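Written below as structure tokens is the structure these notes are about.
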Amino acid sequence: MKAYVIEKPGGPEALKLRDIPSPEPGADEVKIRVRAFGLNRAEAYLRAGKMGEITAPRVPGIEAVGEVVNDPSGTFRTGQRVATAMGGMQFGRPGSYAEAVSVLRNNVIDLDGASLSWEELAALPESYLTVWGALTKSLNIREGQTLLVRGATSAAGLAAVAYAKAFRLDVIATTRSPENASRLRNVGADEVIIDNGQIADLVRAIAPDGVDAALEVVGAATLRDTIKCLKPFGAVSVIGLLGGPPVLDHFHLMQDLPGATRLNFFPSGLLGTAALPLTDTPLAMLAQDVAAGRIPSLRTRTFDFEDVPAAHSFMESNRALGKLVVRL
């Protein structure tokens with residue numbers, strides 16, 4: 001089968017299209033014919049050598065949608081439409097930049113009732129599953145609350161805005177570029193703040209008591225300021241590292257963390273584990289909402305499989321303002 005392989009770190013040209021053996025599923029795995037997959041920064045970081053030394057050829061990719069080829073357990077039937085994300089793909093097992101992939105059964109989600117195209121389905125798994133884990137499972141968001149999304153023009157940030165509006169929250173979204181404000185409002189943001197690095201006063205002008213919850217996509221670079229936006233008993237979940245390394249120097253628990261607030265980091269690697277099974281994920285419902293127009297599509301551009309290096313170049317240009325997907 002055809003697959004992209006990283007043999008040594010580098011730029012987009014390090015992605016080499018090769019013929020490799022098609023994977024066969026083990027007893028706890030499902031083999032999927034990949035129809036489309038979304039692009040993620042984690043794959044660019046792997047390609048660039050930022051996720052450890054590359055000592056053997058690696059197939060990148062942490063999500064995909066497609067059809068079941070074989071499930072030894074019989075849980076999923078042949079031809080069933082499914083999505084998959086994480087479960088060790090590109091790290092402990094080959095990833096999804098391939099014509100087929102074998103993944104852990106716990107990381108497979110039934111999408112048989114979804115009427116969306118493969119390209120639209122491919123825009124959903126990693127972004128929305130991460131947002132579901134962070135907002136619903138970690139922050140326990142509820143209807144009527146106010147959510148701050150810091151770094152909202154990223155794919156995960158846009159998904160967070162759309163997801164929160166679907167669950168009837170008031171959403172404050174940030175962007176560094178005024179020209180991106182309309183995109184955020186179209187996805188569902190109630191208020192848009194132009195982020196100059198210090199937004200706590202601007203947030204409190206909108207929500208004087210502070211926000212109930214915050215999703216931090218930028219990371220350590222803006223976290224101290226984001227925390228200042230919380231009301232007592234509010235919480236912030238960090239899901240992104242767009243602003244640099246995940247290191248806080250001289251973090252003072254009493255001065256930097258407001259009273260009775262909570263801080264956590266949500267890693268999407270939890271998806272499909274015993275700590276976060278995917279049995280109650282709303283991904284199928286979200287796909288139906290996108291198909292019905294109740295949630296806007298996050299897909300902004302689709303690339304052919306032969307153009308994955310070009311897709312990586314575009315992703316790293318920071319011009320996507322949404323989800324980039326690849327179709328096979």
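The values are calculated or read from the model by the stated rules, or taken from the named source; none is laboratory data. Computed from a prediction, not measured in an experiment: that's the story for all the values here. For neighbour counting, all protein chains shown are included, and Cβ atoms are generated from backbone atoms with ideal geometry for every residue, glycine included.
The set of residues in segment 108-152 that are of a type in the set (S, T, N, Q) and either crowded, with 23+ Cβ neighbours inside 10 Å or in a loop (DSSP other than H, G, I, E, B) (or both) comprises 115, 117, 127, 130, 140, 145, 146. Among the criteria (1) in contact with a helix residue (DSSP H, G or I) (Cβ under 8 Å, 6 or more places away or on another chain); (2) crowded, with 23+ Cβ neighbours inside 10 Å, the one residue 101 does not fulfil is (1).
Quick one: is residue 3 small (Gly, Ala, Ser) and assigned to a helix (DSSP H, G or I)? No; evaluated as a whole, the condition is false for this residue.
Applying a threshold of 7 Å to beta carbon distances and a minimum spacing of six or more residues, or different chains, the list of pairs starting in segment 1-25 at a residue that is surrounded by fewer than 19 Cβ atoms within 10 Å (Cβ to Cβ) and ending at one that is among the aromatic types (Phe, Trp, Tyr) and assigned to a strand (DSSP E or B) reads 16/4; 17/4. Per the listing 169, 223, 202, the residue uniquely at pLDDT below 95 and not polar (S, T, N, Q) is 223. For segment 65-96, which positions are charged (D, E, K, R) and either closer than 20 Å to residue 122 by Cβ or out of contact with any Lys or Arg (no Cβ under 8 Å at 6 or more places or on another chain) (or both)? Answer for segment 65-96, where residues must be charged (D, E, K, R) and either closer than 20 Å to residue 122 by Cβ or out of contact with any Lys or Arg (no Cβ under 8 Å at 6 or more places or on another chain) (or both): 67, 77, 81, 93. Here residue 16 passes the criteria (1) within 19 Å of the chain's Cα centre (by Cα); (2) over 22 Å from residue 269 (Cα atoms) except the one numbered (1). As an exercise: evaluate residue 300 against (1) modelled with pLDDT of 95 or more; (2) touching an Asp or Glu at 6+ places or on another chain (Cβ under 8 Å) and give the number of the one condition it does not meet. Against the list (1) modelled with pLDDT of 95 or more; (2) touching an Asp or Glu at 6+ places or on another chain (Cβ under 8 Å), residue 300 comes up short only on (2). For segment 41-92, the set of residues classified as under 14 Å from residue 3 (Cα atoms) and free of Cβ contacts under 8 Å to residues at least 60 places away in the same chain consists of 57, 58, 59, 60, 61, 89, 90, listed by residue number.
Screening residue 78 against (1) over 20 Å from residue 27 (Cα atoms); (2) surrounded by fewer than 20 Cβ atoms within 10 Å (Cβ to Cβ) leaves a single unmet condition, (1).
Within the group 189, 205, 220, 235, which residue is over 20 Å from residue 153 (Cα atoms), within 23 Å of the chain's Cα centre (by Cα), in the same structural domain as residue 155 (by TED's automatic domain parsing) and aliphatic (A, V, I, L, M)? Please lay out each step first, then the result.
Details: 189 fails: over 20 Å from residue 153 (Cα atoms); 205 fails: within 23 Å of the chain's Cα centre (by Cα); 220 fails: over 20 Å from residue 153 (Cα atoms).
Among 189, 205, 220, 235, only 235 is over 20 Å from residue 153 (Cα atoms), within 23 Å of the chain's Cα centre (by Cα), in the same structural domain as residue 155 (by TED's automatic domain parsing) and aliphatic (A, V, I, L, M).
Considering 120, 179, the condition of being more than 13 Å from the chain's Cα centre (by Cα) and within 30 Å of residue 80 (Cα to Cα) is satisfied by 120 alone.
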